[in-house]
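All remarks here apply to the structure that follows.
The values are calculated or read from the model by the stated rules, or taken from the named source; none is laboratory data. Quick caveat: nothing in here was measured; it's all calculated off a predicted structure. Every residue, glycine as well, gets a Cβ built from its backbone with ideal geometry; the counts of neighbours run over all protein chains shown.
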Amino acid sequence: MTDRSTQTQTFVDTLDPARARGLQATLDQTPTINTGDALPPFFHQIYFWDPMPASGLGRDGHPKTGGFIPDMGLPRRMWAAGRMQIHRPLLAGIQAEKRSSIESVTRKDGRTGPLAFVRIRHDLWQRQGLAQTEWQEIVYRHDPSPDTPTPVPPTAPHDETVRQQLTFGSTALFRYSALTFNGHRIHYDADYARSVEGYAGLVVHGPLLAQMLMLLAQEALGRPLTDFRYRATGPLIADEPADFCWRADGQLWVRGSDGRQCMSAEAS
């Protein structure tokens, strides 16, 4: 069943170049961004915070559902997929506006129980023009039970043109959580990640994987990105080496240490 919603919210932020330099350092890059510089793709994730007091948070550290996102009675949250259309880069140090709307709420029965998919559109405006459009797909589900089979991620390809091996430890996850104001406990509370949500350890942020694939794609293309689509297919665990792969046809993926695919993407 799909519900349509006209609910919207708007945030205005000045895109602080110091915060962008913090993300560059977190990604192991030389911090170089100053006021007026074009921000790399997906750097808007560190802006437009929606801070909530502790009373407004759920058990997982995210804002409680029932406000902008409806409460569907499913406690586990995962950023499942997304798309970026980049019309022009956002500029550091300049005020920008993010206008968000819920496009759909879809309920399904999956192999592990009921699921709810929330699709959100974010339009990013700066200097009176639409700069970028992002679609974000979030999935909600029940807690895992001992008799529920663990989903098996697909096997990643091995025919990449370019491969970059990266490892994200707990410090990198902490810094990315802080920069994006992401309180999800699976990224910094190992006991919670294991005992409540059933992961093998701390989970690397899906948007962080997408961020690295976008930067890899832009470097491989030799020009700014215009369109990027991605889908999470399996969790990557902190301190696990992973291959970030690009193929000449514009396909990308993240390959875990055991060969599983953690994310697939397409860039142009």
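Listing for the model above:
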quantity	calculated
Complete set of residues in segment 197-206 that are touching a Lys or Arg at 6+ places or on another chain (Cβ under 8 Å) and not acidic (D, E)	A200, G201
Residue ID - surrounded by the most Cβ atoms within 10 Å (Cβ to Cβ), chosen from residues in segment 232-251 that are among the charged types (D, E, K, R) and farther than 17 Å from T155 by Cβ	D239
Segment 3-39, residues that are part of a loop (DSSP other than H, G, I, E, B), closer than 30 Å to R107 by Cα and of a type outside the set (V, I, T)	R4, S5, Q7
Count of residues meeting criterion [among the hydrophobic types (A, V, I, L, M, F, W, C), farther than 21 Å from R141 by Cβ and not in a loop (DSSP other than H, G, I, E, B)] in segment 209-252	14
Subset of segment 155-178 (residues that are part of a loop (DSSP other than H, G, I, E, B) and over 18 Å from W79 (Cβ atoms))	A156, P157, H158, D159, E160, T161, T167, G169
Selection status of P17, out of contact with any helix residue (DSSP H, G or I) (no Cβ under 9 Å at 6 or more places or on another chain) and loosely packed, with under 12 Cβ neighbours inside 10 Å	no
Residue count, segment 40-60 (criterion: at pLDDT 90 or above and outside any helix (DSSP H, G or I))	13
Hits in segment 104-125 - residues which are more than 18 Å from the chain's Cα centre (by Cα) and in contact (Cβ under 8 Å) with a residue 60 or more places away in the chain	S104, V105, T106, R107
Criterion (over 18 Å from F43 (Cα atoms), modelled with pLDDT of 95 or more and hydroxyl-bearing (S, T, Y)) met by exactly one of S257, S177	S257
Long-range neighbours under 7 Å by Cβ, at least six apart or interchain, first residue at positive phi within segment 181-198, second among the aromatic types (F, W, Y)	F181/W49
